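Step one of this worksheet: look at the structure below.
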Amino acid sequence: TDDWDRRLMNVYMNTYFNDDALETPNFKLSSLPNYFIPDDGTLQSYREYCATLPPTDRPEAFGQHPNADIASQISEGTEMLQTIVSLQPRTAESEGAGPEDTVLLVADDLSSLIPSEFNIRELLFDQMDDPTPLTTVLVQEMQRYNVVLTQIRKSLENLKKAIKGLVVMSAELEVVFTALLEGRVPKSWLSAYPSLKPLASWSRDLLQRISQLQVWAEQGTPKVFWLTGFTYPTGFLTAIMQTSARKNNVSIDTLAWDFVVINLEEKDIMQPPKEGAYVKGLFLEGAGWNYEQSCLAEPEPMELIYSMPVIQFKPVETRSRGSKRGFYQCPLYMYPLRTGSRERPSYMITVDLKSGPNTEPEHWVKRGTALLLALDH
């Protein structure tokens, strides 16, 4: 278990193990009418009560939204379909293209889409002598993406040669072949950042990431940053913190994050903030968002993900932070696999969001509410 599991367990224990559970007759254990503590009685009366419980527990029994059941079914269905696809025979049909033809077409399309590597020295020649923390982040990000672009281009070139019989189809190329045939991203291409996206949306996402860095290098620091576009978003946030510490002549250890939700469209933001950075592109899972009151709200049925408005990540001195009563400490993850991997944890930072009127933060703890940088589609 991690700290977030422990927090959830503490919320459940405080809900069920308290004085009200002993003193209130038929103490309700959830919002559903079936779940309550029965009156003291005989063993037979307890058996009769248990017989009234539904055979399948609905999400509301655990304080979750009905959407949680939908999300679980989508996940199970996706996994089953992926298994079916992986079991399909790889032989050419009587009419139509065979697997080699299909992969060759995909490889050609990707080769035409993948941009050239960054010429870092040419793009940032004037800033290389005395780089700021943000310039350092920009250079490091370009270097990492250059490695990815080189790896992709090399893999595609060798794969096309192997399909045509010009070189031997190695085990590594076989893995790439299978991934492209099934519409997945080859594992070797995910060295810079993790992703659960299928190949088509992943390639579009990669182009957007490259575009953000290209525009930044050519036109200067953006007014609004797309946090998802960084291979190491925590490095960018550290650079923002360092910039604020130098500007205000304070130690970086005395700073903490404050989060201000900006109810403006990106096109309406004319200049960057005086402190910190505007961040766009975050997704909210396990809750809805009330734009008028800038707080968490109940999601609509079938609305599993909400796009968050622009948020200002603002470094402030710890002693000047206001009270966080009525705020939900919302974890921010890089992608939907919240556990991440042993090499690359998914958790990034905790964002304080208003719980909403008459709603305790514990309500959202049970919902598993979290922010995500990227989705799986």
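The values are calculated or read from the model by the stated rules, or taken from the named source; none is laboratory data. A quick note: this is a predicted structure, and the numbers were derived from the prediction, not measured. Here the Cβ is made from the backbone with ideal geometry for all residues, glycine too, and neighbour counts use every protein chain on show. Just so you know, the surface numbers come from the protein's heavy atoms only, side chains and all, with ligands and any DNA or RNA stripped out. Shrake-Rupley method; radii C 1.70, N 1.55, O 1.52, S 1.80 Å.
When +1 charges are put on Lys and Arg Cβ atoms and -1 charges on Asp and Glu Cβ atoms, the dipole computed for the stretch 266-377 relative to its Cα centre reaches about 500 debye. What is the local net charge at Tyr46, summed over the other residues whose Cβ is closer than 15 Å to its Cβ (Lys, Arg +1; Asp, Glu -1)? Around Tyr46, the charge tally is -2. Full extension of the chain between Gln143 and Leu43 gives 29.1 nm of extra length, using 0.36 nm per residue less the Cα-Cα distance. The H on the amide N of Val261, modeled in the peptide plane, is under 5 Å from the matching H of Gln312, each at least 5 residues off or on a different chain.
Overall, the anisotropy analysis places the stretch 262-377 in the rounded class: the square-rooted eigenvalues a ≥ b ≥ c of its C-alpha gyration tensor yield a/c less than 1.5.
Rounding to the nearest 10 and keeping the result within 0 to 90°, find how far the Cα-based axis of helix 133-163 lies from the longest principal axis of the chain. Its long axis makes an angle of about 70 degrees. Here the extension length gained between Arg246 and Gln208 equals 10.6 nm, from 0.36 nm per residue of separation less the Cα-Cα distance. Put a dot 7 Å past the Cα of Lys324, heading toward its Cβ, do the same for Ala256, and the two dots end up 0.6 nm apart.
Structural descriptor for the chain: relative contact order 15 percent, calculated from alpha carbon pairs under 8 angstrom and at least 6 residues apart. Round to the nearest 0.05 the FRET efficiency obtained for Tyr16 and Asn263 when R0 = 41 Å and r is the Cβ-Cβ distance. In this case the efficiency is close to 0.60.
The residues of the chain have, on average, 58 Å² of accessible surface per residue, using a 1.4 Å probe with all protein chains present. Shape class of the stretch 92-214 from the alpha-carbon gyration tensor: prolate, with a/c at 1.5 or above and a/b greater than b/c.
Spherically averaged projected area of the convex hull of Cα atoms, the stretch 279-347: 6.5 nm².
For the stretch 159-315, the Kirkwood hydrodynamic radius from C-alpha pairs, put into Stokes-Einstein at 20 °C and a viscosity of 1.002 mPa s, yields a diffusion coefficient of 114 µm² per second. Roughly how many Å is it from the Cα centre of the stretch 298-377 to that of the stretch 211-290, as a whole number? That distance is 16 Å. Rounded to the nearest 20 debye, the dipole magnitude of the chain is 1020 debye, with +1 charges on Lys and Arg beta carbons, -1 on Asp and Glu beta carbons, and the Cα centre as origin.
Can you give me the % of accessible surface on the stretch 247-300 that is carbon or sulfur? Probe 1.4 Å, all protein chains present, nothing else counted. Carbon with sulfur: 48 percent of the solvent-accessible area. Could you tell me which of the pairs Lys197/Lys280; Lys314/Lys354; Lys187/Lys223; Lys164/Lys187; Lys324/Lys366; Lys280/Lys324 are separated by over 25 angstrom between their Cα atoms in the structure shown? Lys187/Lys223, as the Cα separations exceed 25 Å there. Angle of helix 199-219 to the longest C-alpha principal axis of the chain, folded into 0 to 90 degrees and rounded to 10: 70°.
Bridges between two residues of the chain, per DSSP, are antiparallel at a rate of about 85%. Just want the answer: with Cβ charges of +1 for Lys and Arg and -1 for Asp and Glu, which residue in Gly98, Gln44, Leu32 is farthest toward the dipole's positive end in the stretch 27-123? Going by the charge dipole, the pick is Gln44. What shape does the stretch 221-272 take by its C-alpha gyration tensor, where a ≥ b ≥ c are the square roots of the eigenvalues and a/c under 1.5 counts as rounded, a/b above b/c as prolate, and the rest as oblate? It is prolate, given that a/c is not under 1.5 and a/b is the larger ratio. Taking each DSSP H run with n ≥ 4 as -39500 (n - 2.57) and averaging over every residue of the chain yields -13000 deg cm²/dmol at 222 nm. For the stretch 221-251, the residues whose backbone nitrogen is under 19 Å from a point 7 Å from the Cα of Glu317, taken along Cα to Cβ, are 241-251. Which percent of the accessible heavy-atom area of the stretch 305-377 goes to carbon and sulfur, probe 1.4 angstrom? After summing per-atom areas, the C and S share lands at 47 percent.
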